2 protein chains.
Amino acid sequence: MARVVVNVMPKTEILDPQGQAVVRALGRIGVTGVSDVRQGKRFELEVDGTVTPADLDRIASTLLANTVIEDYEVVTAEVAQ
Amino acid sequence: MARVVVNVMPKTEILDPQGQAVVRALGRIGVTGVSDVRQGKRFELEVDGTVTPADLDRIASTLLANTVIEDYEVVTAEVAQ
């Protein structure tokens, strides 16, 4: 089994109100020096050898990301036993 | 400015209904071979040199993760100009 990570982030031109809320909250806990925060999603998939890179791309673009407003990245991370 | 990534994932002993919904949906698009999916959050922070690793840990544990049910990981990814 291999672990595959799919990162889904809002496109840079899309406003990210969740990230902006974190930026504002940083002031309240006394942290300066963080100029921007963007919030996205991280999926960890356990896949076997029958899953091709094309399958992973289809999974990411069909189920995991809304490609109108989000970009995704498929990272084949590590192979566990 | 450096980019820091904070990954927040549900603890392994916590049920993840969002990930399970993805697993069920995979059958509908004809993909087999994915045994488990877990969904978490990914934060990308733009920080300057005044932000210490201790600050980042405090940001992650206070604002970004609910440490009762989630684990987090701080990854100092790359330094952009």
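What follows draws every value from the coordinates through simple rules; no lab data is involved. Keep in mind it's a predicted model, so treat the numbers as computed, not measured. All Cβ positions, glycine included, derive from the backbone under ideal geometry; neighbour counts span all protein chains shown.
Helical runs assigned H by DSSP (4 residues or longer) give chain B a calculated mean residue ellipticity at 222 nm of -7000 deg cm²/dmol, each run adding -39500 (n - 2.57) before division by the residue total.
Please compute one quarter of the surface area of the Cα convex hull for the protein assembly as shown and express it in square nanometres. Please report the intermediate quantities before stating the final value.
On the way: hull surface 41.4 nm².
The Cα convex hull of the protein assembly as shown, projected and averaged over all directions, gives 10.4 nm².
Ascending distances from the A:Gly49 label point to its copies in the other chains, with the point 7 Å along the Cα-to-beta-carbon line: 5.1 nm.
Only Lys, Arg, Asp and Glu carry charge here, each on its Cβ (+1 for the first two, -1 for the last two); on that basis chain B has a dipole of about 440 debye about its Cα centre.
The separation of region B:39-79 from region A:1-46, counted between C-alpha centres, amounts to 9 Å. Averaging over all projection directions, the Cα-based convex hull of chain B occupies 6.9 nm² in the image plane. Say the dipole of region A:2-77 comes from +1 at the beta carbon of Lys and Arg and -1 at that of Asp and Glu; which of A:Val31, A:Val8, A:Thr76 then lies farthest toward its positive end? Of A:Val31, A:Val8, A:Thr76, it is A:Val31. What FRET efficiency would be calculated for the residue pair B:Thr52, B:Arg28, taking the C-beta separation as r and a Förster radius of 30 Å, to the nearest 0.05? Computed FRET efficiency for B:Thr52 and B:Arg28: 0.05.
Contact order, relative form, for region A:4-56: 51 percent (alpha carbon pairs under 8 Å, 6 or more residues apart, mean separation divided by residue count).
Label point of B:Gln20 (7 Å along Cα→beta-carbon): distances to the other copies' equivalent points are 3.6 nm, sorted ascending. Among residues of chain A, the one whose beta-carbon sits closest to the A-to-B rotation axis is listed with its distance in Å as A:Arg42, 2.
Placing a label point 7 Å from the Cα of A:Ala2 along the Cα-to-Cβ direction, the distances to the matching points in the other copies come to 3.1 nm, shortest first. The C-alpha atoms of chain A define a longest principal axis, and helix A:17-28 lies at about 50 degrees to it.
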